[in-house]
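A quick write-up on the structure given underneath.
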Amino acid sequence: MKKIHFNHLTFKKWTSLLMVLSLVCILIGGFEIFEFEYKRTNRMLASIGYLCQFIYFSQMFWYKNYVEWNALGMNIKINRFISTAIKFENVKIIALDNTTLKIIKQSGSEKTFEIHNIERSDLE
């Protein structure tokens with residue numbers, strides 16, 4: 001049985017600090033605000049900033065089963081490489097049985113996820 005990694009998208013201290021720090025590195029390195037002894041230092045600072053943002057925004061791809069949500073909607077990635085974005089205001093019906101999760105939107109479109117190999121504790 002595989003687990004689902006859940007991520008609630010809120011403002012956390014460490015993520016806010018990481019984003020601010022990476023943006024500062026990108027700005028200092030990209031616009032060469034300070035002159036350093038070595039010319040490569042500005043490029044290295046910008047690279048570190050981009051690397052921090054890449055690591056943060058790529059965490060969805062680290063897990064095979066991943067759900068992230070906030071007050072407006074959620075991204076679900078179960079047994080897929082790409083996630084599906086769903087707004088809560090567009091959801092009409094959510095049906096859960098032993099092998100599938102069906103989300104039916106107000107427009108009538110249906111999203112189906114296979115959940116037969118997911119731990120039951122993650123589905124509750």
Between 0 and 90°, nearest 10: helix 13-31 axis offset from the chain longest Cα axis: 40 degrees
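Mean 1/r over all different Cα pairs, inverted: what Kirkwood radius does the chain give, in Å?
Numbers: mean 1/r = 0.0582 Å⁻¹.
With all distinct Cα pairs of the chain included, I get 17.2 Å.
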Mean separation of Cα contacts under 8 Å (6+ apart) over length of the chain, as relative contact order %: 23 percent
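Among the listed pairs K13/K87; K13/K39; K64/K102; K3/K87; K12/K64; K12/K77, which are separated by more than 28 Å between their Cα atoms?
Long pairs (Cα-Cα over 28 Å): K13/K39.
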Peptides ranked, highest mean first, by Cβ atoms within 10 Å: ranges 90-97, 17-24: 17-24, 90-97
Cleavage-rule hits (chymotrypsin sites (Phe, Trp or Tyr not before Pro)) in segment 66-98: DSSP loop, at most 14 neighbouring Cβ within 10 angstrom: F81
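Restricting the count to DSSP beta bridges whose residues both fall in the chain, what percent are antiparallel, rounded to a multiple of 5?
Details: 19 of 24 bridges.
Close to 80 percent.
Values quoted throughout were computed directly from the atomic coordinates according to the rules given, and no laboratory measurement underlies them. Keep in mind that what you see is a predicted model, and the values were worked out from it rather than measured. Quick reminder, even Gly has a Cβ in these numbers, built from the backbone with ideal geometry, and neighbours come from all protein chains shown.
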